[in-house]
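No value in this document is a laboratory result; all are computed from the given coordinates. Note that the structure is a prediction, hence the values are computed from the model and not measured. Glycine also receives a Cβ, built like all others from the backbone with ideal geometry; neighbour counts cover every protein chain displayed.
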Amino acid sequence: MAPLPSTLLEPHTPPAVATEPHVIVRGERLTVWDSEGRSYLDATSGMLCTNLGYSQPRLVRAAARQMTELPFFASFAHRTTDVTLALAEDLARLAPLPMGRTFFANSGAEANDSAFKLAWYYHRCLGRHRRFKILSQERGYHGTTVAAGSATGLDFVHRGFGLPLPSYIQVPCPDPHSPLRQGLTEERFVDRLIDHLERIIAVEGPDTIAAFIAEPILSAGGVIIPPSSYYPRVQEVLARHDILFILDEVVTGFGRTGAMFATTEFGLSPDLITVAKGLSSAYAPISAVLVGRRVMNTIAEGSTSIGAFGHGFTYSGHPVAAAVAREALAVVVEENVPAHVRETAPTLLKGLAEAFHGEEFVRDVRGHGFLAAVTFVTGSGGRPEGEWGSQVMAEAVEHGLLVRAVGDTVIVAPPLISTTEEIETMVVLLENSYRSALAEAHSAQ
Ligand code: PLP
């Protein structure tokens, strides 16, 4: 076996990889530079997270100030820090649900794990000792820890790990292009999805199900935008069985859809909302569970008999991350970033549609806010399943553009501060990348 190229065990990378990793060393606004000095326009916002770009001076100053004042103290056993409390207050003011309190963690997956535990704790407070099952969607993405990974509906997260755990059950993906739709109208398709959900609840037993978790738009699964009547109807079913609704706004929270929260935009009323990524614009690792008032009141009352919420992390509400997050939220509010996304998103969606609609090998173009995708026809142009995405992504790197591929889909999720001109440049670079991939497909035929 060839010697390994570095001492880093890289996430989401085959350990046997024999080439040097691509090393990024610097960033400014939407541009990053690699160790060879080449620059790239980042149309993925890091991992859909550097919403304010790479050189927001206010976030840097906030981190430095807090590092000097108090670099760390734990939030544990009724002791916390002033900035942790202040961030919880900020979130309570912004939150799109009748708020109880906020629980802090460090990543999206940890927030989702914490939301599951809160759901279990809630039911235990009500004496429902059998409610442990978690429902989620095929192709939903909630992280890769053992619990969040079990709720994630993507095979590569499960394979070889004995996941999902037995109490995690997946319902069909609400993808308008799903084979389950089979020529049905949107309304009939939603009827079918709801029938599936009802059947799964009946078979499993409603008194065994704690919560249902879903993203408003399924992001890492390939920018899947469910029909607009889907979630309202899901909510109605969940409410009837007192199954908690956890909305994963890890990607959509803080402006990506053109609203501060997709919860408000889509008129949803979840019991718990998880956020991460845009919370600090990724300048510091921090995530949160926004706990709605109803759940909060129940667990506050129930804890008097069942004891403390036995869950938390050394870095829950880390003061430096909290200070950065407070500043990131202040920038998002003061600069009205969601309104900028709303105004600029048509350039992205129209640009992609003009560049790709009707193109040979393109299935469709779709998007909402600064979350868009182009899907290629699987298996077309002599390319095996999933190759179009990786081929276009690789060509994009050559053209100085970073995008993300999921199977035959390429995701475009620019930082939320991108201007109209920057978006137009991204679209041109992506189209050129496709043309290069196309030329290669033709020459190989
Ligand atoms: N939830 C959603 C919707 C995500 O897209 C992600 C990551 O991409 C996560 C959760 C997991 O976040 P993390 O990678 O910080 O654990």
HIS311 paired with SER35, simple spin-label distance in nm, labels 7 Å along Cα-to-beta-carbon: 4.0 nm
GNM on the chain, Cα springs under 10 Å; top mean-square fluctuation among GLU138, GLU398, GLU421 goes to GLU421
Please give the FRET efficiency for ALA16 paired with MET47, using the beta carbon to beta carbon distance and R0 = 25 Å, rounded to the nearest 0.05. 0.60
Under 15 Å from a label point 7 Å along Cα→Cβ of THR264: give me every residue in region 310-340 with its amide N that close. 329-340
Label point at ALA92 placed 7 Å out along Cα→Cβ; residues across region 270-312 whose backbone nitrogen lies under 18 Å: 272-273, 288-301
Residues in region 426-445, backbone N under 17 Å from the label point at SER390 (7 Å along the Cα-to-beta-carbon vector): list them, ranges by number please. 437-438, 441
If the elastic network links every pair of Cα atoms under 10 Å, which of PRO179, PRO206, PRO415 fluctuates the most in the Gaussian network model of the chain? PRO179
Count neighbours as other Cβ atoms within 10 Å of each site's Cβ, and list the chymotrypsin sites (Phe, Trp or Tyr not before Pro) in region 49-112 that are DSSP loop with at most 14 such neighbours. PHE72
If you filter region 323-390 for GluC sites (Glu not before Pro), then keep DSSP loop positions with at most 12 other Cβ within 10 Å, what is left? GLU360, GLU385
Determine the distance separating the Cα centre of region 331-374 from the Cα centre of region 384-410; give it in Å without decimals. 18 Å
Lysines within cross-link reach of LYS117: Cα-Cα under 29 Å, excluding same-chain residues under 8 positions apart? LYS133, LYS277
When the chain is fully extended, how far beyond the present Cα-Cα distance does PHE72 get from ILE200, taking 0.36 nm per residue of separation? 41.5 nm
Work out, step by step, the length gained on full extension between ASP207 and VAL428: first 0.36 nm times the residue separation, then minus their alpha carbon distance; give nm to one decimal. 74.3 nm
Under a Gaussian network model of the chain whose springs join Cα atoms within less than 10 Å, the largest fluctuation of ALA18, ALA64, ALA300 belongs to ALA18
Region 11-39-region 268-312 distance, computed between alpha-carbon centres (Å): 35 Å
Inter-probe distance in nm under a simple model that places probes 7 Å from Cα toward Cβ, at ARG26 and ALA239: 5.5 nm
Under the rule of -39500 (n - 2.57) per DSSP H run of 4 or more residues, summed and divided by the residues of the chain, what mean residue ellipticity at 222 nm is obtained, to the nearest 500 deg cm²/dmol? -12500 deg cm²/dmol
Calculate the spin-label point distance for SER303 paired with ARG61, positioning each point 7 Å from the Cα along the beta-carbon direction, and give it in nanometres. 3.6 nm
